[in-house]
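Single-structure report; data block below.
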Amino acid sequence: MKRRQLLKHLAASIPAVALAKHINAADIMFNNHEFMAPGPFKPTWDSLSSYQTPEWFRNAKFGIWSHWGPQCQAEQGDWYARGMYEEGSNYYKWQEAHYGHPSKAGFKEVIHDWKAENWDPEKLVALYKRAGAQYFFAMANHHDNLDLWNSKYQEWNSVRVGPKKNIVAGWAKAAKKHALPFGLSVHASHAWMFYETSQGSDKSGQFAGLPYDGKLTKADGKDTWWEGLDPQELYAQNHHLSKGLDWDWQDKTNWPSPAYCEKFYDRTMELIKLYNPDLIYFDDTSLPLYPASDVGLRIAANYYNQSMATHNGKLEAVLFGKKLTDKEKKCMVWDVERGVLDNAQANPWQTCSCIGNWHYDRGLYERNGYKSAKTVIQMLIDIVSKNGNLLLNIPVRGDGTIDEKEVAIVESIAAWMDINSESIFGTRPWKVFGEGPSVDASNPINGPGFNEGKVKLSAKDIRFNQKGNILYVTTLGVPTEDILIKSLGKNADDSKIKKIEILGSKEAVYWEQNADSLMIKKPQTVPNDIAMVYKVQK
């Protein structure tokens, strides 16, 4: 009997605890469900540290994300499924006005109301590719714990409830049609703590002391639309309250149960096997549930091994984690949420950001609160100069569409890319990332990131990147005077400049390389007012 067949036979006939004494976790799952792919990677940090970021990702630079799920149905912004149980909050008031008091109408009612009736994934992905996206991300689940595929391990999924659609499969098909690498973001490891507000009750008023629906059980569903479903499979609140929002699992008394961790493992392993994503984003410090459990390490090792098995022994997968230590940065790609780094990095990294809130926010739309295309493009240029990529979320309404203001922003990004994309895709950092007032500005990240927009960029700021013998020199705005570039003076750079041109313009560029700087005459024509790219041939 082959080794894998033997493991399956043992898994079916020997109790998990006994089995664990004889077989390594890298070979089999203790709960007898999802097996790990064989291969060189083992579920340890030392083993994962041999990871190398694939070249295709380094070349890609720009991805677009649909951070879309049931919390977008309310159109109230981020963390609605938690905030609606916080007495007196705007979310609580909105829930009570539209669905009822959370003792009677919890987040499961929002899920039930979510139909995604106008969702056209191919149309959206086509628009994003038109804007220059080199990879596309969809959300597989969020902290609200609803799986957006036909999960056999999570009965609360989008095929069984809500839209009755396989959201992940729809996005995957669209990405394949448009030849974009497909990424999936996984956030459900935090449901254990995220939903703890659903255990509460009002402290005052007519519903004081009446429990919210977070402790409901399957038996409570008789004669309801959710009869036969167990709310605890969604809310996961059969446990004591944590001591604060311990997102990094530093307090052992807050650690989730082994059963919860293993269920997360099975769900995620199934997701990977079904859709074989090119990229996986974990909304976690390092890896999911670490150090409370090793399931994140097992998932990562499996993912890398599966990638090698499907790419003739070559690792082409990209895995993201947050707040990584120096050792962990060797094991995966560092993701910085809504943030930028001060300096170029030796290893590729990524900023994930959004033109609005992560989940659709009607109020932000009405206040014209979105990032402009100019802000997005200048962020991208800055990030790429520092060896990073930008993953940009375009919030989607509950019905599956984006609004006209979002469309206009995406189209403006496309217009800039039409002229300047060669200065982004396939480039590598130069010896310095930039010059100008922002270069020396101190702007440390806060935890996982959250420092974007704190340093103001202007036309006096310059960013560099290169491709072969071409150096791209980009001004973050329209120059109002001659440009002086110290890094290209003869004293700093002894390479000979052959030609300089402006992308998108036929204007002849007047320039002079002096000892202390390269002088480029102020342009007379302006291809765009977002950022001008000078193509310097050496």
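Looking only at region 306-321, count every residue that is within 17 Å of TYR281 (Cα to Cα) and either in a loop (DSSP other than H, G, I, E, B) or open to solvent by less than 10 Å² (accessible area, probe 1.4 Å) (or both) and tell me the total.
From region 306-321, those within 17 Å of TYR281 (Cα to Cα) are 306-307, 315-321; that's our starting set.
Among the residues that remain, those that are also either in a loop (DSSP other than H, G, I, E, B) or open to solvent by less than 10 Å² (accessible area, probe 1.4 Å) (or both) are: 307, 315-321.
Count: 8.
With the requirement that a residue be part of a helix (DSSP H, G or I), touching a Gly at 6+ places or on another chain (Cβ under 7 Å) and either surrounded by fewer than 23 Cβ atoms within 10 Å (Cβ to Cβ) or free of Cβ contacts under 8 Å to residues at least 40 places away in the same chain (or both), what does region 48-91 give you?
So in region 48-91, the residues part of a helix (DSSP H, G or I) come out as 48, 55-60, 70-72, 80-83, 90-91.
Filter once more, keeping what is touching a Gly at 6+ places or on another chain (Cβ under 7 Å): 59, 70, 72, 91.
Answer for region 48-91, where residues must be part of a helix (DSSP H, G or I), touching a Gly at 6+ places or on another chain (Cβ under 7 Å) and either surrounded by fewer than 23 Cβ atoms within 10 Å (Cβ to Cβ) or free of Cβ contacts under 8 Å to residues at least 40 places away in the same chain (or both): ASN59, TYR91.
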task: Run LYS243 past the list (1) within 20 Å of THR197 (Cα to Cα); (2) surrounded by fewer than 17 Cβ atoms within 10 Å (Cβ to Cβ); (3) modelled with pLDDT of 95 or more and report the number of the one that doesn't hold.
output: (3)
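If I filter region 502-534 down to residues being within 25 Å of SER372 (Cβ to Cβ) and open to solvent by 30 Å² or more (accessible area, probe 1.4 Å), which single residue comes out as nearest to the chain's Cα centre (by Cα)?
Of region 502-534, the ones within 25 Å of SER372 (Cβ to Cβ) are 502-505, 522-523, 525-534.
In the following step, the residues that additionally are open to solvent by 30 Å² or more (accessible area, probe 1.4 Å) were identified as 504, 522, 525-527, 529.
Values: GLY504: 32, LYS522: 39, THR525: 38, VAL526: 34, PRO527: 32, ASP529: 29 Å.
In this case the residue turns out to be ASP529.
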- prompt: Does GLU55 satisfy the criteria of being acidic (Asp, Glu) and under 24 Å from CYS331 (Cβ atoms)?
  reply: yes
message: Give me the residue from region 490-501 that is touching a strand residue (DSSP E or B) at 6+ places or on another chain (Cβ under 7 Å) and surrounded by fewer than 17 Cβ atoms within 10 Å (Cβ to Cβ) and, out of that set, nearest to ASP516 (Cα to Cα).
response: LYS490
- request: Please go through region 504-527 and pick out each residue that is under 19 Å from ILE419 (Cα atoms) and of a type in the set (Val, Ile, Thr).
  value: VAL509, THR525, VAL526
query: Do we find that ALA172 is surrounded by 15 or more Cβ atoms within 10 Å (Cβ to Cβ), within 20 Å of TRP149 (Cα to Cα) and in contact with a strand residue (DSSP E or B) (Cβ under 7 Å, 6 or more places away or on another chain) in this structure?
result: yes
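Within region 104-114, is there a residue that is part of a loop (DSSP other than H, G, I, E, B), among the hydrophobic types (A, V, I, L, M, F, W, C) and under 30 Å from ALA373 (Cβ atoms)? Give the steps one after another, and end with the answer.
The first filter runs over region 104-114 and keeps only residues part of a loop (DSSP other than H, G, I, E, B), leaving 104-106, 114.
Subsequent filtering for residues that are among the hydrophobic types (A, V, I, L, M, F, W, C) retains 105, 114.
Cutting the leftovers down to under 30 Å from ALA373 (Cβ atoms) gives us 114.
Yes, some residue in region 104-114 is part of a loop (DSSP other than H, G, I, E, B), among the hydrophobic types (A, V, I, L, M, F, W, C) and under 30 Å from ALA373 (Cβ atoms).
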field: Residues located in region 177-210, provided they are open to solvent by 40 Å² or more (accessible area, probe 1.4 Å), of a type in the set (A, V, I, L, M, F, W, C) and part of a loop (DSSP other than H, G, I, E, B)
entry: ALA179, LEU210
Subset tally (residues that are in a strand (DSSP E or B) and either open to solvent by 20 Å² or more (accessible area, probe 1.4 Å) or under 15 Å from ILE377 (Cα atoms) (or both)) for region 479-488: 1
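Please indicate, with yes or no, whether at least one residue in region 285-305 is open to solvent by 10 Å² or more (accessible area, probe 1.4 Å), outside any loop (DSSP other than H, G, I, E, B), in contact (Cβ under 8 Å) with a residue 40 or more places away in the chain and closer than 30 Å to ALA60 by Cβ. So that I can check it myself, show each step before the final result.
If we filter region 285-305 for residues that are open to solvent by 10 Å² or more (accessible area, probe 1.4 Å), which is where we start, we get 285, 290-294, 297.
After this cut, where a residue has to be outside any loop (DSSP other than H, G, I, E, B) as well, the list is 285, 297.
Next, from what is left, pick out any that are in contact (Cβ under 8 Å) with a residue 40 or more places away in the chain: 285, 297.
Still in the list and also closer than 30 Å to ALA60 by Cβ: 285, 297.
So far as region 285-305 goes, yes, one or more of its residues are open to solvent by 10 Å² or more (accessible area, probe 1.4 Å), outside any loop (DSSP other than H, G, I, E, B), in contact (Cβ under 8 Å) with a residue 40 or more places away in the chain and closer than 30 Å to ALA60 by Cβ.
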message: Any residue at all in region 35-51 that's within 22 Å of LEU380 (Cβ to Cβ) and polar (S, T, N, Q)?
response: no
- request: Among what's in region 117-150 and is open to solvent by 10 Å² or more (accessible area, probe 1.4 Å), closer than 27 Å to ALA81 by Cα and of a type in the set (S, T, N, Q), pick the residue that is farthest from the chain's Cα centre (by Cα).
  value: ASN118
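When the residues of region 251-274 are filtered to those that are outside any helix (DSSP H, G or I) and in contact with a helix residue (DSSP H, G or I) (Cβ under 9 Å, 6 or more places away or on another chain), which remaining residue is farthest from LEU148 (Cα to Cα)? Can you show your working first?
The first filter runs over region 251-274 and keeps only residues outside any helix (DSSP H, G or I), leaving 251, 255-257.
Right, trim to in contact with a helix residue (DSSP H, G or I) (Cβ under 9 Å, 6 or more places away or on another chain) and you get 255-257.
On the way: TRP255: 25, PRO256: 23, SER257: 23 Å.
Going through the qualifying residues, I end up with TRP255.
Just to be sure before I move on: is GLU96 open to solvent by 20 Å² or more (accessible area, probe 1.4 Å), more than 28 Å from PRO288 (Cβ to Cβ) and in a helix (DSSP H, G or I) in the structure I sent? Working first, answer last.
Values: open to solvent by 20 Å² or more (accessible area, probe 1.4 Å): yes; more than 28 Å from PRO288 (Cβ to Cβ): yes; in a helix (DSSP H, G or I): yes.
In short, yes.
The values are calculated or read from the model by the stated rules, or taken from the named source; none is laboratory data. Remember, it's a predicted structure, so these values are computed and weren't measured experimentally. Note that each Cβ is placed from the backbone with ideal geometry, even for glycine, and that neighbours are counted across all protein chains shown. These accessible areas exclude ligands, DNA and RNA; they are computed on the full protein's heavy atoms, side chains included. Shrake-Rupley method; radii C 1.70, N 1.55, O 1.52, S 1.80 Å.
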